[in-house]
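Report on one structure; see the data block that follows.
The values are calculated or read from the model by the stated rules, or taken from the named source; none is laboratory data. As the structure is a prediction and not an experimental result, all values here were calculated from the model. Heads up, the Cβs are rebuilt from the backbone with ideal geometry, glycines too, and the neighbour counts pull from every protein chain shown.
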Ligand code: SF4
């Protein structure tokens with residue numbers, strides 16, 4: 001579900017529908033509330049063979065958002081340590097297959113490849129940017145954390161996060177727009 | 001001969017690793033403020049403000065500035081009148097890294113082998129660059145080097161005919177291709193000259209200079225300023241969302257080179273520019 005906040009930011013509550021995704025445009029600032037699943041290189045490496053064999057994944061990705069991150073350990077009494085995004089393009093190899101299964105969003109930083117952009121259009125998905133290197137600030141939006149699969153991967157395990165008003169920006173929407181290209185064009189001198 | 005026991009080295013490295021990850025140096029905070037004053041892009045301004053807040057939160061709440069708490073890259077200047085006692089120097093440094101990353105709640109990000117990818121669990125080993133210098137002190141310079149930006153570092157063998165213009169264009173090309181992947185605003189450490197490996201090491205070493213300080217060599221300073229100016233006209237901006245602040249600084253170090261060569265290495269560093277030094 002998406003509503004528009006008084007400051008012009010869009011408030012997103014997970015899970016996302018196709019209509020939600022269609023209403024998002026590159027450059028939109030959003031605040032996400034609900035569930036995010038964390039997964040990065042190693043976890044994707046484990047999910048892929050399951051997808052190829054048509055087996056059930058440890059998480060149901062339909063309507064969900066995957067956050068590419070490997071948090072630092074929590075201090076005693078804290079929910080999580082630092083938790084900013086990692087470079088998304090390393091997951092490009094896996095993303096189209098997950099979008100095909102119904103994943104609606106990914107959060108990371110940096111460019112996506114053309115195959116991912118095409119899959120966003122085809123399967124109605126969205127790629128959000130979170131501020132890379134703002135892991136301390138971003139940790140404050142995480143209200144609950146639970147490891148749901150591949151605990152042996154340590155920081156790379158799949159975690160289920162409950163977040164409130166997690167700030168992000170739409171980088172690639174399902175209409176083919178790209179904030180990185182548009183932003184660069186607007187400010188190049 | 002002055003003696004330094006390895007336990008003092010381990011303790012120092014441990015503290016440097018923790019402090020680097022929690023406490024950004026003042027030159028970086030000043031760089032954020034300078035950029036906030038000139039950045040035209042509202043999204044870019046917001047990013048810079050959040051990064052300032054992030055630095056503040058890291059320091060006060062003891063949450064690492066970035067979750068990628070880096071590869072511990074350690075430059076050591078060992079005075080030739082110092083004798084290390086109690087064990088090997090490299091072991092002492094690695095013990096400090098292990099303790100710092102474990103006790104400081106920093107992320108373990110090192111795979112024991114590039115092929116089997118099993119995490120070593122305590123962020124060891126460090127990458128250690130050792131120089132023997134005159135004197136009776138031991139200087140330890142530790143950088144927590146992020147992987148996202150490191151992955152965009154590049155090397156090129158130019159030809160002498162490419163000259164300074166070729167070097168400038170190559171640095172710019174590296175910044176441009178790094179783009180949003182490397183968490184701009186960036187810092188480019190540049191090593192020019194020497195051999196293949198010498199240029200690469202210089203490019204890391206160059207990052208330790210104070211951000212915003214002039215290069216002591218006026219000719220290099222002019223190159224740095226020109227490349228920085230051009231980088232900030234690319235439009236990439238903070239986080240790549242578009243804007244005027246793509247890079248904070250270009251730092252060049254040079255070394256004599258072979259008459260056939262013009263090696264140029266560029267280490268790409270992100271705004272999470274975390275480093276600390278201590279002298280024993
Ligand atoms: S590039 Fe730097 S700021 Fe970005 S995630 Fe890596 S270490 Fe953090």
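Hey, any hits in segment A:131-154 for a residue that's without any contact (Cβ under 8 Å) to a residue 60 or more places away in the chain, surrounded by fewer than 16 Cβ atoms within 10 Å (Cβ to Cβ) and closer than 19 Å to residue A:33 by Cβ?
yes
How many of the residues making up segment B:163-194 are under 22 Å from residue A:133 (Cα atoms) and away from chain A (no Cβ under 14 Å)?
Quick first cut of segment B:163-194, residues under 22 Å from residue A:133 (Cα atoms) only: B:174-189.
Checking the rest, the ones that are also away from chain A (no Cβ under 14 Å) come to B:174, B:188-189.
Residues in segment B:163-194 being under 22 Å from residue A:133 (Cα atoms) and away from chain A (no Cβ under 14 Å): 3 in total.
Checking residue A:62 against (1) exposed (fewer than 14 other Cβ atoms within 10 Å of the Cβ); (2) within 14 Å of another protein chain (Cβ to nearest Cβ), only one condition comes out false. Which one?
Result: residue A:62 passes all but (2).
Can you name every one of the strands (runs of 3 or more DSSP E) wholly within segment B:129-241 that holds 1 or more residues which are closer than 12 Å to residue B:267 by Cα and out of contact with any helix residue (DSSP H, G or I) (no Cβ under 7 Å at 6 or more places or on another chain)?
Working: elements: B:138-145, B:154-158, B:186-194.
Qualifying strands (runs of 3 or more DSSP E): B:138-145.
Kindly provide the set of residues from segment B:113-128 that are in a loop (DSSP other than H, G, I, E, B) and within 16 Å of the ligand (Cβ to nearest atom), ordered by number. Spell out the reasoning first.
Step one: of segment B:113-128, the residues in a loop (DSSP other than H, G, I, E, B) are B:113-118, B:120-126.
Hit for segment B:113-128 is B:123, nothing else.
Yes/no per residue for (1) modelled with pLDDT of 95 or more; (2) outside any strand (DSSP E or B); (3) out of contact with any strand residue (DSSP E or B) (no Cβ under 6 Å at 6 or more places or on another chain); (4) under 18 Å from residue A:92 (Cα atoms):
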position	(1), (2), (3), (4)
A:11	yes, no, no, no
A:21	yes, yes, no, no
A:26	yes, yes, no, no
A:30	yes, no, no, no
A:34	yes, no, no, no
A:44	yes, yes, yes, yes
A:49	yes, yes, yes, yes
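Which condition number does residue B:247 fail, the rest of (1) more than 26 Å from residue B:65 (Cβ to Cβ); (2) touching a helix residue (DSSP H, G or I) at 6+ places or on another chain (Cβ under 9 Å); (3) within 14 Å of chain A (Cβ to nearest Cβ) being met?
Answer for residue B:247: the failing condition is (1).
If you check B:252, B:268, which single one turns out to be more than 16 Å from the ligand (Cβ to nearest atom) and surrounded by 24 or more Cβ atoms within 10 Å (Cβ to Cβ)? Write out each step before concluding.
Values: B:268 fails: more than 16 Å from the ligand (Cβ to nearest atom).
Checking each option against the conditions leaves just B:252.
Does residue B:48 fit the bill of being surrounded by 15 or more Cβ atoms within 10 Å (Cβ to Cβ) and more than 16 Å from the ligand (Cβ to nearest atom)? Explain how you work it out, then say what you get.
Working: surrounded by 15 or more Cβ atoms within 10 Å (Cβ to Cβ): yes; more than 16 Å from the ligand (Cβ to nearest atom): no.
No: the conditions fail for residue B:48.
Can residue B:60 be described as away from the ligand (no atom under 16 Å from the Cβ) and not assigned by TED's automatic domain parsing to the domain that holds residue B:12? I'd like the intermediate steps shown before the answer.
Working: away from the ligand (no atom under 16 Å from the Cβ): yes; not assigned by TED's automatic domain parsing to the domain that holds residue B:12: yes.
The answer is yes for residue B:60.
Any residue at all in segment A:19-26 that's in contact (Cβ under 8 Å) with a residue 12 or more places away in the chain, within 14 Å of chain B (Cβ to nearest Cβ) and in contact with a helix residue (DSSP H, G or I) (Cβ under 7 Å, 6 or more places away or on another chain)?
yes
Working only within segment B:89-106, note down all residues that are buried (at least 24 other Cβ atoms within 10 Å of the Cβ) and within 14 Å of chain A (Cβ to nearest Cβ). Lay out the reasoning, then the answer.
We begin by selecting, within segment B:89-106, every residue buried (at least 24 other Cβ atoms within 10 Å of the Cβ); these are B:93, B:96-97, B:100-101, B:106.
Answer for segment B:89-106, where residues must be buried (at least 24 other Cβ atoms within 10 Å of the Cβ) and within 14 Å of chain A (Cβ to nearest Cβ): B:100, B:101, B:106.
Which ones in segment B:30-67 are at the interface with chain A (Cβ under 7 Å from one of its Cβ atoms), in a helix (DSSP H, G or I) and without any contact (Cβ under 8 Å) to a residue 60 or more places away in the chain?
B:50, B:53, B:54, B:57, B:58, B:61 - these are the residues of segment B:30-67 that are at the interface with chain A (Cβ under 7 Å from one of its Cβ atoms), in a helix (DSSP H, G or I) and without any contact (Cβ under 8 Å) to a residue 60 or more places away in the chain.
Please determine, by comparing only the residues of segment B:135-151 that are surrounded by fewer than 18 Cβ atoms within 10 Å (Cβ to Cβ) and more than 9 Å from every other protein chain (Cβ to nearest Cβ), which one is nearest to the chain's Cα centre (by Cα).
Per the stated criteria, the residue is B:139.
Kindly indicate whether any position in segment B:210-233 is within 14 Å of the ligand (Cβ to nearest atom) and either within 14 Å of chain A (Cβ to nearest Cβ) or within 16 Å of the chain's Cα centre (by Cα) (or both). I'd like the intermediate steps shown before the answer.
To start, the set of residues in segment B:210-233 that are within 14 Å of the ligand (Cβ to nearest atom) comprises none.
Among the residues of segment B:210-233, not one is within 14 Å of the ligand (Cβ to nearest atom) and either within 14 Å of chain A (Cβ to nearest Cβ) or within 16 Å of the chain's Cα centre (by Cα) (or both), which makes the answer no.
Which ones in segment B:111-128 are within 14 Å of another protein chain (Cβ to nearest Cβ) and in contact with a helix residue (DSSP H, G or I) (Cβ under 9 Å, 6 or more places away or on another chain)?
B:117, B:119, B:120, B:121, B:122, B:123
Criterion first (surrounded by fewer than 18 Cβ atoms within 10 Å (Cβ to Cβ) and under 22 Å from residue B:128 (Cα atoms)) does residue B:109 satisfy it?
No, not satisfied.
Could you pull out the residue among B:235, B:194, B:212 that is surrounded by fewer than 24 Cβ atoms within 10 Å (Cβ to Cβ) and at pLDDT below 95?
Going through B:235, B:194, B:212 in turn, the sole match is B:212.
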